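Notes for the one structure printed next.
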Amino acid sequence: DGQTGLGHHKVCPTPTEVLGELSGVKVQQVSTYADCSLAVSADGQLYGWGNSEYLQLASVTDTTQINSPRRLSLPGCGRVVQAACGGTQVAVLNGEVFVWGYGILGKGPSLSESGSPEMIPPSLFGRSDFNPSVVVSKLRCGLGHFAAVTDRGELFVWGKNLRGCLGIGKRDDQFFPWRVTVPGQVVDVACGVDHMVALVKSLL
């Protein structure tokens, strides 16, 4: 599907520099999952390549594949600091969380597909009049689910709850961010196909 970003659809057996619109760009983070790839530049721009069957790269193409990096236009998102690729969905972080693609995106059952970024209300991650400074600091995607860690060490999850991968004590899918009960402060999290692993700092 062009996920190597090398301008062709062949197998590449050796490490090769990715160019295209990334040529000369200083990259600070890369996220890949399945057959789609995203890169965040040092100046906060987002680049994408690979599969766009689920509208992951819809801002720059109507086709289902891009085999060379393209800068993605994200109106209203501002400077991107982090990106996450899932199986059919993607997300970016700029202090707020934006999602698009296909699946359970985190804004309820009425939103299952979007080709443009949708911001998840900060209140769903614990921001309120009593906690006005809460921000998401880490964002991850699995096959069909999301995870977000706040600067206070809280873990929020949403999406397809395949085999109980969300850790919310039930097997139902979760349409909005849900805070997971964890015995400590969450430092980082990783999402697999049907499981999740969190690195936690004990409060004891």
Within the stretch 174-204, the residues that are closer than 20 Å to Cys85 by Cβ and either assigned to a loop (DSSP other than H, G, I, E, B) or aromatic (Phe, Trp, Tyr) (or both) are Gly192, Val193, Asp194, His195
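Only residues that are exposed (fewer than 10 other Cβ atoms within 10 Å of the Cβ) and small (Gly, Ala, Ser): list them for the stretch 24-46, please.
Gly24
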Residue among Ser123, Ser114, Ser133, Ser128 that alone is part of a strand (DSSP E or B) and of a type in the set (Ser, Thr, Tyr)
Ser114
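Among the residues that make up the stretch 132-139, is at least one of them buried (at least 21 other Cβ atoms within 10 Å of the Cβ) and either touching a helix residue (DSSP H, G or I) at 6+ places or on another chain (Cβ under 6 Å) or in contact (Cβ under 8 Å) with a residue 24 or more places away in the chain (or both)? Show your work before the answer.
Step one: filter the stretch 132-139 for residues buried (at least 21 other Cβ atoms within 10 Å of the Cβ), giving 136, 139.
Filter once more, keeping what is either touching a helix residue (DSSP H, G or I) at 6+ places or on another chain (Cβ under 6 Å) or in contact (Cβ under 8 Å) with a residue 24 or more places away in the chain (or both): 136, 139.
Yes: one or more hits.
Report yes if some residue within the stretch 141-153 is surrounded by 14 or more Cβ atoms within 10 Å (Cβ to Cβ), over 16 Å from Gly103 (Cα atoms), at pLDDT 95 or above and among the basic types (Lys, Arg); otherwise report no.
Going through the stretch 141-153, the residues surrounded by 14 or more Cβ atoms within 10 Å (Cβ to Cβ) turn out to be 141-150, 152-153.
Imposing the further condition that a residue be over 16 Å from Gly103 (Cα atoms) reduces the set to 148-150, 152-153.
Checking the rest, the ones that are also at pLDDT 95 or above come to 148-150, 152-153.
Remaining after also requiring among the basic types (Lys, Arg): 152.
Yes, the stretch 141-153 contains a residue that is surrounded by 14 or more Cβ atoms within 10 Å (Cβ to Cβ), over 16 Å from Gly103 (Cα atoms), at pLDDT 95 or above and among the basic types (Lys, Arg).
For the stretch 71-110, give me each residue that is of a type in the set (Lys, Arg) and either outside any loop (DSSP other than H, G, I, E, B) or free of Cβ contacts under 8 Å to residues at least 24 places away in the same chain (or both).
Step one: list which residues in the stretch 71-110 are of a type in the set (Lys, Arg), which gives 71, 79, 107.
Listed by number, the list holds a single entry, Arg71.
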Has the stretch 11-24 got at least one residue that is in a loop (DSSP other than H, G, I, E, B) and under 26 Å from Gly103 (Cβ atoms)?
no
Somewhere in the stretch 167-189, is a residue under 23 Å from Ser128 (Cβ atoms), exposed (fewer than 14 other Cβ atoms within 10 Å of the Cβ), more than 14 Å from the chain's Cα centre (by Cα) and hydroxyl-bearing (Ser, Thr, Tyr)?
yes
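The values are calculated or read from the model by the stated rules, or taken from the named source; none is laboratory data. The structure displayed is predicted, hence computed values, not measured ones. No Cβ is skipped: glycine too gets one built from the backbone with ideal geometry, and neighbour counts run over all protein chains shown.
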